[in-house]
Number of protein chains: 2
Amino acid sequence: MSTSPAAYHHGNLRDALLAAGLQALEGPGGKAPSLRELARAVGVSPTAVYRHFPDKHALDKALAREGLKLLGNEQAVAAKEAGGGAAGFAATGRTYVRFALAHPALFRLMFTQGHPVGDGEAPDEARALLTANTQALASDPERAELLALQAWSIAHGIAMLMLDGRIPADDALIERMLDTKSVFP
Amino acid sequence: MSTSPAAYHHGNLRDALLAAGLQALEGPGGKAPSLRELARAVGVSPTAVYRHFPDKHALDKALAREGLKLLGNEQAVAAKEAGGGAAGFAATGRTYVRFALAHPALFRLMFTQGHPVGDGEAPDEARALLTANTQALASDPERAELLALQAWSIAHGIAMLMLDGRIPADDALIERMLDTKSVFP
DNA sequence: CCTCTATGTTTACAGTGTTTACTTTAACCG
DNA sequence: CGGTTAAAGTAAACACTGTAAACATAGAGG
């Protein structure tokens, strides 16, 4: 799933580009890399990239998917550590916002790729976890779906507004804003 | 406040640039214009822009402020038409999301300029309206501030997720998700 | 009227995404 | 094996971007 050490310069250019892209995006202070930057980082000519991605946007979409995987994993372990149930659900939300603050550039990229709603892609782990949680917590499944979208929206809104500096990126504030008793009683 | 017909080519280049920028951004299918595009649209050399803005980012920030004004106005009239109070508050939220869907590029620009939270700028009308509404609806003023941030976050989250195509941009869905009885009982 | 300052223009540079044409490398198969 | 073929890489070029430096031109004020 990443950077197999053998056959770097030849062989798996695609994976190498994604790895270099993630490294550039990760962490606070991460930046969205240019296509040429990534080619340089991997030691290849800019046009070589086009053998593996039709254009820059496709590369970005692939990086976004990679980011979604990371987020899903972090959420899954956080939910498990919290013991599942309502506590796990809450942990999921906190982790979402913290992930955004920890990897601003990556998080922005993940949600700026124009992901048409009806495309046949399988739902990412984060999304699957969300619906599973709400289905377990709500009786009515339709109401559960609405709850899922609302929970997603408030977490996403908090994350975005904090990233943009519209709301102080305070950890205690995250806690209060996401308090399930207050928002979803 | 816009495009005074006299003295176009000489005089108010700054306003002309902002007007051209807004026109490019407005509407669905709007796009973030390049500095050179705007210069062309106004009939001026690219570097002339630098007499009025230190760099592209400053221009974008000015456009973002312009967009916030537009949003604030729309929200104000919507709240007034709904008769104020709780109904007005709800109208404010709906208008927020609808504005985002009606002007995707502008909305994105408005919230991607890195607006450091502590800077001395006066709060925009949208923000002022928000706190006024929650102060009126909640007894405890501290609880009102939290409610304001939560309401903002959920509206912002819905808007962003719909813009990114993660959630269907359905008007009825907006209504259900923002239903105050369901979210803030 | 003459000067000075605000506001433009020209030219140039480094960087970007992308196309086209060319070269190498590896794999396949008779 | 050995030769052909397709995959994967390179080089050069194009149109575009934001920006800097040096120069030109009003228009206003003393």
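The values are calculated or read from the model by the stated rules, or taken from the named source; none is laboratory data. Here the structure is a predicted model, which is why all the values come from computation and not from measurement. Don't worry about glycine lacking a Cβ; one is built from the backbone with ideal geometry, like all the others, and counts go over all protein chains shown. Side chains are part of the model used for accessible areas, which takes the heavy atoms of the whole protein and leaves out ligands, DNA and RNA. Shrake-Rupley method; radii C 1.70, N 1.55, O 1.52, S 1.80 Å.
General remarks:
- Count of residues meeting criterion [in a helix (DSSP H, G or I) and in contact with a Gly (Cβ under 8 Å, 6 or more places away or on another chain)] in region A:21-51: 4
- A:Ser153 being touching a Gly at 6+ places or on another chain (Cβ under 8 Å) and hydroxyl-bearing (Ser, Thr, Tyr): yes
- For B:Glu66, the requirement of being farther than 26 Å from B:Arg176 by Cβ and open to solvent by 20 Å² or more (accessible area, probe 1.4 Å) is met.
- The one condition from (1) open to solvent by less than 70 Å² (accessible area, probe 1.4 Å); (2) assigned to a loop (DSSP other than H, G, I, E, B); (3) not β-branched (Val, Ile, Thr) that B:Leu59 does not meet is (2).
- Condition met for B:Glu37 (open to solvent by 70 Å² or more (accessible area, probe 1.4 Å) and within 8 Å of DNA strand D (Cβ to nearest atom)): yes
- Qualifying residue in region B:110-126 (condition: touching a residue at least 24 places away in the same chain (Cβ under 8 Å), within 17 Å of A:Leu173 (Cβ to Cβ) and of a type in the set (A, V, I, L, M, F, W, C)): no
- Considering residues of region A:40-69 that are of a type in the set (A, V, I, L, M, F, W, C) and within 14 Å of DNA strand D (Cβ to nearest atom) only, the residue nearest to A:Phe99 (Cα to Cα): A:Leu59
- Scanning region A:9-31 for residues that are open to solvent by 70 Å² or more (accessible area, probe 1.4 Å) and within 24 Å of A:His115 (Cα to Cα), we see that the one that is farthest from DNA strand D (Cβ to nearest atom) is A:Glu26.
- Meets criteria (at positive phi and within 14 Å of another protein chain (Cβ to nearest Cβ)) for B:Gly83: no
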